[in-house]
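The values are calculated or read from the model by the stated rules, or taken from the named source; none is laboratory data. All values derive from a computational prediction rather than experimental measurement. Neighbour counts are summed over all protein chains in view; Cβ atoms, including those assigned to glycine, are modelled from backbone coordinates with ideal geometry.
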Amino acid sequence: MTTSPTLSIRRFDARDTDAVVALWQQAFPEYRDATRPQRNPHLSIANKLATQPELFFVAVLDERIVGTVMGGYDGHRGWMYSLAVDEALRRHGIGTRLVAHVEEVLTSLGCPKLNLQILSAKTELRGFYEALGYRADAVVSLGKRLGALADAAPAA
């Protein structure tokens with residue numbers, strides 16, 4: 001008799017950094033582009049650890065990190081970032097479980113609405129989120145790089 005592996009979701013730990021960076025570079029090719037410093041995965045992790053690290057989660061299967069999601073909540077709206085699943089394990093419910101997990105945590109904090117953004121070029125992702133109940137809002141997303149990233153490549 002074989003047993004199927006169990007997926008668990010837990011808070012990110014600094015020891016997960018290398019595995020998360022490798023996963024993000026697989027899931028988000030723009031994270032491999034050195035001309036886009038705003039997409040530096042190490043900087044993203046450091047910034048999240050400095051701001052609401054309790055809202056950074058990893059999915060673990062057989063002691064291997066196979067997914068990530070980050071949440072944020074400012075008391076008005078919540079945000080979801082960096083949902084990534086190992087490409088060999090997609091379409092097995094891992095992304096759905098990660099989304100449900102961050103939704104549950106943000107709901108428990110009193111968050112009334114969760115926002116997310118996807119790059120317009122990643123049209124395949126829209127169907128995934130729509131199947132989970134997300135809809136396009138009638139808004140225009142604007143961005144401006146600040147500080148050391150102000151002179152970086154255009155927002156994306």
In region 15-45, what residues are among the aliphatic types (A, V, I, L, M), modelled with pLDDT of 95 or more and surrounded by fewer than 15 Cβ atoms within 10 Å (Cβ to Cβ)? 22
Any residue at all in region 142-156 that is under 24 Å from residue 46 (Cα atoms), surrounded by 11 or more Cβ atoms within 10 Å (Cβ to Cβ), of a type outside the set (A, V, I, L, M, F, W, C) and within 13 Å of the chain's Cα centre (by Cα)? no
Can you tell me which residues in region 26-61 are in contact (Cβ under 8 Å) with a residue 40 or more places away in the chain and basic (Lys, Arg)? 36
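A quick yes/no check of all residues on (1) touching a strand residue (DSSP E or B) at 6+ places or on another chain (Cβ under 8 Å); (2) modelled with pLDDT under 95:
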{"position": "55", "(1), (2)": "yes, no"}
{"position": "66", "(1), (2)": "yes, no"}
{"position": "102", "(1), (2)": "yes, no"}
{"position": "106", "(1), (2)": "yes, no"}
{"position": "109", "(1), (2)": "yes, no"}
{"position": "115", "(1), (2)": "yes, yes"}
{"position": "119", "(1), (2)": "no, yes"}
{"position": "124", "(1), (2)": "no, yes"}
Unmet criterion (only one of (1) surrounded by 11 or more Cβ atoms within 10 Å (Cβ to Cβ); (2) farther than 27 Å from residue 147 by Cα) for residue 6: (1)
